[in-house]
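Below: the structure, in structure tokens.
The values are calculated or read from the model by the stated rules, or taken from the named source; none is laboratory data. No experiment lies behind these values; they were computed from the predicted model shown. Quick reminder, even Gly has a Cβ in these numbers, built from the backbone with ideal geometry, and neighbours come from all protein chains shown. Accessible surface areas use protein heavy atoms only, side chains included; no ligands, DNA or RNA. Shrake-Rupley method; radii C 1.70, N 1.55, O 1.52, S 1.80 Å.
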Amino acid sequence: MKRGFEVVTKYKDKGINLPYRSTKQAAGYDIEAGVDFVLPSIWKLGFLKVLWAIKHEKDVSEDEMQRAKDILRPLLVPTGIKAYMQPDEMLVIANRSSGPLKRGMVLPNGIGIVDADYYGNESNEGELFVQMTNFGLLDKKIKKGDRIAQGIFVPFLTTDADSNKGTKRIGGFGSSGK
């Protein structure tokens, strides 16, 4: 097995589709939402009030600031799939071209990087989540099976003086920085 996708155990028999290339020349594998999901718009009253206050140099309470941050916080859309690959490869999760243009949905980090050792981790079996923000005016209803991102397998290089001592990943999403 060199690289590919599998369904995460808890999603077996739930009708999850493995990512696929939509055309013969497509570089990216279309990744679908694994569940119905509501992605709220960032344009909520709490955020707008804080934005107005900052613009007009008014005081903002810590509670108001926290509510605004919570509204802007990206959410993780479950996919129900995991990816396996060679140790010198990564999976790049990227916006689909139609996401921002047609739906107002983006990956706020630009791209997501999935390392080879994320596969099979203890905390979530390596399930892929797509980090998303909705800058559209209304909440977006994502249906299970909607294409929300694309994944591209890419080899990577390391430096001659690479100092990685071979530490082992502990944990799932966002855990390699611990």
For this session: Would you confirm whether any residue within region 115-129 is at pLDDT 95 or above, within 10 Å of the chain's Cα centre (by Cα), surrounded by 12 or more Cβ atoms within 10 Å (Cβ to Cβ) and closer than 22 Å to V92 by Cβ?
Result: yes
Exercise. Tell me, which strands (runs of 3 or more DSSP E) wholly within region 90-164 include 2 or more residues that are free of Cβ contacts under 8 Å to residues at least 40 places away in the same chain and touching a strand residue (DSSP E or B) at 6+ places or on another chain (Cβ under 8 Å)?
Worked result: 111-115
For this session: Kindly list the number of the only condition in (1) within 30 Å of P19 (Cα to Cα); (2) open to solvent by less than 80 Å² (accessible area, probe 1.4 Å) that fails for F47.
Result: (1)
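Every residue, every condition in (1) open to solvent by less than 80 Å² (accessible area, probe 1.4 Å); (2) under 26 Å from N134 (Cα atoms); (3) outside any loop (DSSP other than H, G, I, E, B); (4) in contact with a Cys (Cβ under 9 Å, 6 or more places away or on another chain), yes or no:
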{"position": "K2", "(1), (2), (3), (4)": "no, no, no, no"}
{"position": "K10", "(1), (2), (3), (4)": "no, no, yes, no"}
{"position": "W43", "(1), (2), (3), (4)": "no, yes, no, no"}
{"position": "A53", "(1), (2), (3), (4)": "yes, yes, yes, no"}
{"position": "A68", "(1), (2), (3), (4)": "yes, yes, yes, no"}
{"position": "V77", "(1), (2), (3), (4)": "yes, yes, yes, no"}
{"position": "A83", "(1), (2), (3), (4)": "yes, yes, yes, no"}
{"position": "P87", "(1), (2), (3), (4)": "no, no, no, no"}
Exercise. Taking region 23-39 only, how many residues are open to solvent by 40 Å² or more (accessible area, probe 1.4 Å) and either closer than 24 Å to D139 by Cβ or touching a residue at least 12 places away in the same chain (Cβ under 8 Å) (or both)?
Worked result: 6
Exercise. Given the conditions (1) under 23 Å from Y20 (Cα atoms); (2) modelled with pLDDT under 95, which single one is not true for D160?
Worked result: (1)
Seminar exercise, completed: The condition from (1) open to solvent by less than 30 Å² (accessible area, probe 1.4 Å); (2) at positive phi; (3) modelled with pLDDT of 90 or more; (4) not basic (K, R) that G151 misses is numbered (2)
Exercise. Taking region 93-114, which residues are modelled with pLDDT of 95 or more and either open to solvent by 20 Å² or more (accessible area, probe 1.4 Å) or in contact with a Phe, Trp or Tyr (Cβ under 6 Å, 6 or more places away or on another chain) (or both)?
Worked result: I113
